[in-house]
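Encoded as structure tokens, the structure appears first; notes follow it.
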Amino acid sequence: MSKAVKIIKYALFYLVQFTWGLPQNILGLCMLIKHRKCKKEFYHGSLIIYHNGNWGGVSLGMFIIIRGNADENWIHEAKIHEYGHTIQSLILGPLYLFVIGIPSSSMYRATRKIIYGYVGEYYYFYPEAWANTLGQRATGERMRLNQ
């Protein structure tokens, strides 16, 4: 891909994220401020913030916040999965928080309460399975672990 095409691709990505996906990106900016001292990196146009907490991750528009103190395999999977949620944000825009965000976080909390540490069923839930598929297609990377 030529440099000019990449510039246009990323310009459109940011334009859509900060117009169509504005609500979740505002929340993502708040998380960026909260975790301003944490390690960060760009990943396919999104910004990954590596938090040091004991919770997994969340995608808020172009902002992906994942646990930085996890093992390398988990981080690899989380980056692809959460990027899938970033693509969902591009598709759903202002509906993202209602169609994906709330159901996803509710299901995660429910599965953690039922069987702490086992989230296999969580990844069969529609927002998560769709995020895995979109993330792998958009990045061209494959998830290694069987979730």
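Read the figures in this text as sums done on the coordinates, not as results from a lab. All of these numbers come straight from a predicted model, not from anything done at the bench. Note: ideal-geometry Cβ built from the backbone for every residue, glycine included; neighbour counts use all protein chains shown.
Report the local net charge at Ala70: Lys and Arg +1, Asp and Glu -1, summed over other residues whose C-beta lies under 12 Å from its C-beta. Before the final figure, lay out each step's value.
On the way: positive: Arg67, Lys79; negative: Asp71, Glu72, Glu77.
Every neighbour counted, the sum reads -1.
Between the range 74-101 and the range 1-43, what is the C-alpha centre distance in whole Å?
Answer, in whole Å: 13.
Beyond 23 Å between alpha-carbons counts as too far, so tell me which of Lys3/Lys39; Lys34/Lys79; Lys9/Lys34; Lys9/Lys40; Lys6/Lys37; Lys9/Lys37 fall in that bin.
Details: Lys3/Lys39 27 Å; Lys34/Lys79 20 Å; Lys9/Lys34 29 Å; Lys9/Lys40 21 Å; Lys6/Lys37 29 Å; Lys9/Lys37 29 Å.
Beyond 23 Å: Lys3/Lys39; Lys9/Lys34; Lys6/Lys37; Lys9/Lys37.
Roughly what % of DSSP beta bridges within the chain run antiparallel, to the nearest 5? Write down the numbers at each step before the final one.
Working: 9 of 14 bridges.
Here the share of antiparallel DSSP bridges comes out near 65 percent.
Would you mind working out the magnitude of the charge dipole of the chain relative to its Cα centre, with +1 at each Lys and Arg C-beta and -1 at each Asp and Glu C-beta, to the nearest 20 Debye? Display every interim value, and only then the final one.
Values: 16 positive and 8 negative charges, 80 e Å.
Computed charge dipole of the chain: roughly 380 debye.
Can you find, among Asn52, Tyr96, His76, the residue sitting farthest towards the positive end of the charge dipole of the range 34-105, where Lys and Arg contribute +1 and Asp and Glu -1 at Cβ?
Asn52
Given only helices, namely DSSP H runs of n ≥ 4 each adding -39500 (n - 2.57), what is the per-residue ellipticity at 222 nm of the chain, to the nearest 500 deg cm²/dmol? Please report the intermediate quantities before stating the final value.
On the way: 5 runs with 76 residues, N = 147.
Roughly -17000 deg cm²/dmol at 222 nm, from the helical runs in the chain.
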